[in-house]
Amino acid sequence: PECYLTAQRRLGEAARHCLILEDSTIGVAAALAAGMAVLGVPFTAPLEEAPGLTLRDTLAGLTPADLRAMTART
């Protein structure tokens, strides 16, 4: 989770306000361990459901409001 925590500190935001876009199991696990919301879009391997993870097949059609709502759930 350190890479996500470093970025969060540099941005000056609370972890709960961060949304991470990930396509890998390891990346999802790291972002969740950092206490951040995760939008998972599987690419080479499927992702399993987990608290704090929103799964989508594509980013198409997502709005800024949709993304904000994902951080509100963590």
* Asked: Quick one: length gained pulling T44 to R56 fully straight, 0.36 nm per residue minus the C-alpha distance?
  -> 2.9 nm
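For every helix of n ≥ 4 consecutive DSSP H residues, a contribution of -39,500 (n - 2.57) applies; sum these over the chain, divide by its total residues, and give [θ] at 222 nm rounded to the nearest 500 deg cm²/dmol.
Values: 3 runs with 28 residues, N = 74.
Value at 222 nm, helices only, nearest 500: -11000 deg cm²/dmol.
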* Structure fact -> Taking T63, T44 and ranking on accessible area (1.4 Å, protein atoms only), highest first, one gets T44, T63
* Structure fact -> With Rh as the Kirkwood radius over Cα pairs, the chain has Rg/Rh of 0.94
* Quick one: dipole size for the chain, taken about the Cα centre, charges +1 on Lys/Arg Cβ and -1 on Asp/Glu Cβ, in debye to the nearest 20. => 340 debye
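The values are calculated or read from the model by the stated rules, or taken from the named source; none is laboratory data. The structure displayed is predicted, hence computed values, not measured ones. We place every Cβ from the backbone using ideal geometry, glycine too, and count neighbours over all the protein chains shown. Areas reflect the complete protein model, heavy atoms only, side chains present, ligands, DNA and RNA absent. Shrake-Rupley method; radii C 1.70, N 1.55, O 1.52, S 1.80 Å.
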